Amino acid sequence: MKLRATISIAILLTSLVWAQKSPRLESAMTVIESTLPRKAKGHPEAYPNAIVMYDSVTAPDGKHLRTIITKPRDAKGKLPVIFVAGWLSCDSVEAPADTKDESGLVFLGLAQLQEFALFRMDKQGVGDSEGDCAETDFESELTAYRAAFRAVKNYDFIDANRIFILGISNGGGFAPLVPESDAEQAQVRGYISIGGWVKTWFEHMLEIERRRFALMGKSPGEVNDRMNGAATLY
């Protein structure tokens, strides 16, 4: 476990260095498939030492979702892949060249690692993906990530038995649920969780409410009475 933690930290630190140092070149190769029209107004991602593929995957509900896959330009043989399980908010995983977003900077770096491929997906209603993000429930989002996970094997340059799942925020909590079957779980070589959660939403809210009532100066008895109402509410 210590080795995996060291590897994960090294990858993230290296990615930030790459993001700061690597310029974009006009000769960079970006491929955009035509099944899913591009909605974003900015330029697609492009790197001097990586090939970028804008592809798509079909979710169980029939919606076409944008996937962005990068691989080192001079890669030979099959590569391990970093598969991203994203956050709760309706923000794209695409990383524009001028991004100042911390997650975007990480993606800029990870996309240029010479030892890994990178696989990202925009969930329903985000970026180029079809659907309505605000109306997407957890089950729909999770099954979409599962469809994307299964699509990894469609790329001949990816070693589908060496998948590292990077879960960010909400994705850091549900990342272990993405590989559904025993066979899929065996494909995963490690997890990296950033800002994830370790308890249910119900437990999370009750913990907040108990602290809030105490800070309001309520007596222990009053806190308990109010917690009964909070438990019913949540």
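A short reminder: the numbers here are calculations on the coordinates, not readings from a lab. A quick note: this is a predicted structure, and the numbers were derived from the prediction, not measured. Virtual Cβ from ideal backbone geometry, glycine too; neighbours counted across all protein chains shown.
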Next item on the list: Note down the magnitude of the dipole of the range 2-198 about its Cα centre, charges +1 on Lys and Arg C-beta and -1 on Asp and Glu C-beta and zero elsewhere, to the nearest 20 debye.
Entry: 760
Check: Once label points are set 7 Å from the Cα along Cα→Cβ at both Asp98 and Thr232, what is their separation, rounded to one decimal in nm?
Finding: 5.4
Checklist line | Protection proxy ranking, peptides 204-216, 150-162, 102-114, average beta carbon neighbours within 10 Å, highest first | finding: 102-114, 150-162, 204-216
Next item on the list: Stick to the Cα atoms of the chain, pair each with every other, and give me the Kirkwood hydrodynamic radius in Å at one decimal.
Entry: 19.2
Notebook entry, point to check: What angle do you read, to the nearest 10 degrees and between 0 and 90, between the alpha-carbon axis of helix 138-151 and the longest principal axis of the chain?
Noted result: 20
Next item on the list: Net charge near Val126: determine it from the other residues with C-beta under 13 Å of the C-beta of Val126, scoring Lys and Arg +1 and Asp and Glu -1.
Entry: -3
Notebook entry, point to check: Which trypsin sites (Lys or Arg not before Pro) does the range 67-146 hold that lie in a coil by DSSP with at most 11 other beta carbons within 10 Å?
Noted result: Lys76, Lys100
Next item on the list: Keeping to pairs on different chains or 8 or more places apart, tell me how many lysine pairs in the range 2-198 have Cα atoms under 18 Å apart.
Entry: 8
Check: How far is helix 2-21 tilted, in degrees, relative to the longest principal axis of the Cα atoms in the chain, given as a value from 0 to 90 rounded to the nearest 10?
Finding: 60
Check: With each run of n ≥ 4 DSSP H residues scored as -39500 (n - 2.57), what mean residue ellipticity at 222 nm is computed for the chain after dividing by its residue count and rounding to the nearest 500 deg cm²/dmol?
Finding: -11000 deg cm²/dmol
Check: Using alpha carbons only, how many degrees (0 to 90, rounded to 10) separate the axis of helix 220-233 from the longest principal axis of the chain?
Finding: 50
Check: Gap in Å between the Cα centre of the range 189-234 and the Cα centre of the range 57-136?
Finding: 33
